[in-house]
Amino acid sequence: MSGRRGGNRIRGPQSALTDFLAANNISAAQIRDDYERRRLQAEADNAGNGEGPSNQAPEQDDDEALAVAAQAEEDDKKSKKRKRVEKDAVDKIKKSKASKKGKKGKKGDPEDDDDEYDDELRIYGKAKPMPGQLEHCDVCNKRFTVTPYNKEGPDGGLLCTPCGKELAKDMKKEQNAAKKSAGTGKKRRKVESDRLDGVANGGVKSLVQICIEKIAKHHEDIEELGELPQSVLERLGEIFSKNRVLKPKTLPLFLRPDLDSVIVHDAAYLEVEDYQQIFAVVPKMRKLVLGNACQMKDGAIDYMIEKCGNLQHLQLYAANLVSESGWQKVFREAGSKLQVISLKWLDAAFEDDVVRDMVKYCPNLERLKLKLCRRLGEDAVRYISDIPELKHISLWISNEVSNDALLSLVEKRGSGLQTLALEKFIDAEDSLLQAIHDNCTQLFKLRFSENDTVTNASYTALFTDWQNPPLTFVDFNATRHVDNNSSEGPEEAIGMASSGFKALMAHSGSALKHLDLASCRHIERSAFFDVFNGGQVYPALEYINLSFCNRADTGVVAGIFKSCPALKRLVAFGCFDVQDVVVPRNVALIGVPRAQDAIEQFGFGLGVDEAISKMVEAAA
Amino acid sequence: MASQTDYVTLISNDDFSFVVQRSAACISPAIRKMLDPQSMFMEAKTNTIRFDNFNALVLEKVCEYFYYNERNKDARDVPDPELPTELVLELLMAGDYLDC
């Protein structure tokens, strides 16, 4: 009809469908008009009907509607009841729509208009079946009765109740997954752990690092590593150890007859035969490192002495099944070539007498580290003082050692020492630092930590007019006085404090790489500002630990960024005045509190000057 | 003498050429040194490097890594690129050789 009606009007091209419909006397306009009329009629009816039941629980509604609809289906005639049900359902749809809109944003009227428009458009698409009608489910294709609560499927059609429930479940899962991946939780922890390990410094991991991690992940599938360079192999061994997958099965990957070192940082899973395998496969080794060597016994030691004649570097951690006689044998039979000995956490054996043997039979010893060997005491320190070639010494002895013993060590050996690390010698006194000042002239690394008797004046004196060249590694952590009755500490500061710190930086600042001042709580803010003033530059400084130096604040951190161009890591646990720091590129700031979402902060894309100007902006 | 081009050519030992941006290739310090005009190396003159120790499969992944690295230089929490497991060992050697 409409086609003919507009005979005089100019029309665009007609589709085949329109022609077909016209030929069969079907008019699109009429269909639309009819639909419009029905819709308006329904609306008017609803308005007259007033408010239907509104607060029913959805499932109840669902069931009711289903039941009613089923009944209606039986009835072919258009009973009054069915009409009522239909109206109810329409009513409900309207309500749910209205409530949705309310949630969306309360825009009000304009959206209503949109809705009308949508309604009009909808008739050209597939019309949504009214509640009570039958429809085929979009997913399972089953026939079901439409209710107001049917969900819309992915392709726009309706879903039956079971499929709808499935869909809702899936949606929830997806949402949860999205939350998890977006959430910082585990990922942040991993990033943090990487940062503390020094693996990543922002930006991208190196290709080597990515490959090593991947290999460690697939450790079970690897048969042979091939001719990997030794440095890479060692790195790989470290990762394997960290992941605790260095087991008898993976051990052979790291044993090659042409290697001159075997480095296994976690040997806890290795058994007697594995130790024998190590020494049998790599007899040329010069360097042996076994961490957690808890199953290493005298038998393995004997085999090592027998097979590996070139051993120069022996580093063992927790090798507690080796007996007193086993240790004596090592030093007596293999001692002449040993240059490096590093033993940690030996509880059961290893007494002062063994140290005497070691000194006697290892004349070439240059580097010695003894930490937490429980049976060692003052005598051991006295024996060590007689090692002629000693260049590097690290001691942490659990038993009491008098200041005199340490003094004699420094006086006898000080002139040749390059490394001096004394941890937790609580009886050490001012005279020890004086002795270091007087005797040591070649030190690169100095560690003197956990002491509460040496005064700040001694630290200042140590670094004033010291013949020693600038140090590269300094650790004075936890040198401070702790007394619960006077939280501020004594008037004359004990431990590394302001003037000591300034003297240290004046002496060693030019070469210093590693600076640990954790818990040196008497260093004043003004001292930090004097040292890290932005003008004075410390070109080599890469690592600073200021943890629990509670006078350090945001300004100090900014000064550090400015004064240390090579800085990689700044550790500041417990510095509560450090806030709102903007970290420049390539720097990792670790442990700053009050930034729960970024315990680990590291710079990305910002230079030092940009970062500082941002901080100033933020503070203003 | 050829001037500094924006792109350089990397050739694998089985004669596949990969043309990559100079900036990306220079992520490897080793390549950067080879291409440094001051070095007067053959590579710097021709802007072409021939790698006799990697095949095309490995070199392709290495080039992909260069671009991945360049793109994500300043980003944080970058996801690791997917590397084929069977190539990882060779890639490890390549990464070690190229110092990247």
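Residue by residue, here is whether (1) aliphatic (A, V, I, L, M); (2) in contact with a Cys (Cβ under 7 Å, 6 or more places away or on another chain); (3) surrounded by fewer than 19 Cβ atoms within 10 Å (Cβ to Cβ); (4) at pLDDT 85 or above holds:
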position: A:199; (1), (2), (3), (4): yes, no, yes, no
position: A:207; (1), (2), (3), (4): yes, yes, no, yes
position: A:215; (1), (2), (3), (4): yes, no, no, yes
position: A:246; (1), (2), (3), (4): yes, no, no, yes
position: A:252; (1), (2), (3), (4): no, no, yes, yes
Fill in the blank from the handout: Those residues of the stretch A:230-256 which are facing chain B (nearest Cβ under 8 Å) and closer than 22 Å to residue A:308 by Cβ amount to A:231
Exercise for the section: Consider residue B:4 carefully, then state whether it is surrounded by fewer than 16 Cβ atoms within 10 Å (Cβ to Cβ) and touching a residue at least 12 places away in the same chain (Cβ under 8 Å). Expected result: yes
Exercise for the section: Output the qualifying pairs, or none if there are none: Cβ atoms under 7 angstrom, residues six or more apart or on different chains, first residue in the stretch A:370-382 and touching a residue at least 24 places away in the same chain (Cβ under 8 Å) and closer than 12 Å to residue A:317 by Cβ, second residue in a loop (DSSP other than H, G, I, E, B) and hydroxyl-bearing (Ser, Thr, Tyr). Expected result: A:372/A:398
Problem - Conditions (1) touching a Cys at 6+ places or on another chain (Cβ under 9 Å); (2) more than 25 Å from residue A:301 (Cα to Cα); (3) part of a helix (DSSP H, G or I): number failed by residue A:331 - result: (2)
Exercise for the section: Tell me, yes or no, whether the stretch A:558-567 has at least one residue that is within 23 Å of residue A:204 (Cα to Cα), assigned to a helix (DSSP H, G or I) and modelled with pLDDT of 80 or more. Expected result: yes
Handout entry: Condition check for residue B:52: touching a Pro at 6+ places or on another chain (Cβ under 6 Å) and either in contact (Cβ under 8 Å) with a residue 24 or more places away in the chain or within 14 Å of another protein chain (Cβ to nearest Cβ) (or both)
Key = no
Practice task
Identify all residues within the stretch B:65-100 that are in a helix (DSSP H, G or I), more than 7 Å from every other protein chain (Cβ to nearest Cβ) and surrounded by fewer than 17 Cβ atoms within 10 Å (Cβ to Cβ); write none if there are none.
Solution key: B:67, B:70, B:71, B:86, B:97
Practice task
Among the residues of the stretch A:327-381, write down those that are out of contact with any strand residue (DSSP E or B) (no Cβ under 9 Å at 6 or more places or on another chain), of a type in the set (S, T, N, Q) and surrounded by 17 or more Cβ atoms within 10 Å (Cβ to Cβ).
Solution key: A:328
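Being surrounded by fewer than 19 Cβ atoms within 10 Å (Cβ to Cβ), of a type outside the set (A, V, I, L, M, F, W, C) and under 30 Å from residue A:366 (Cα atoms) is the requirement here; does residue A:475 meet it?
no
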Practice task
Can you confirm whether the stretch A:410-417 contains a residue that is assigned to a loop (DSSP other than H, G, I, E, B) and buried (at least 19 other Cβ atoms within 10 Å of the Cβ)?
Solution key: yes
Handout entry: In the stretch A:201-221, the residues that are facing chain B (nearest Cβ under 8 Å) and part of a loop (DSSP other than H, G, I, E, B)
Key = A:202, A:203, A:204, A:205, A:206, A:218
Practice task
Kindly indicate whether any position in the stretch A:272-288 is under 30 Å from residue A:349 (Cβ atoms) and either under 33 Å from the mean Cα position of the chain (by Cα) or in contact (Cβ under 8 Å) with a residue 40 or more places away in the chain (or both).
Solution key: yes
Exercise for the section: State which residue is surrounded by the most Cβ atoms within 10 Å (Cβ to Cβ) when the search covers only the stretch A:521-533 and only residues that are touching a strand residue (DSSP E or B) at 6+ places or on another chain (Cβ under 6 Å) and in a loop (DSSP other than H, G, I, E, B). Expected result: A:523
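The values are calculated or read from the model by the stated rules, or taken from the named source; none is laboratory data. What you see is a predicted model; the values in this text were computed from it and never measured. Using ideal geometry, Cβ is built from the backbone for each residue, glycine included, and neighbour counts are taken over all protein chains shown.
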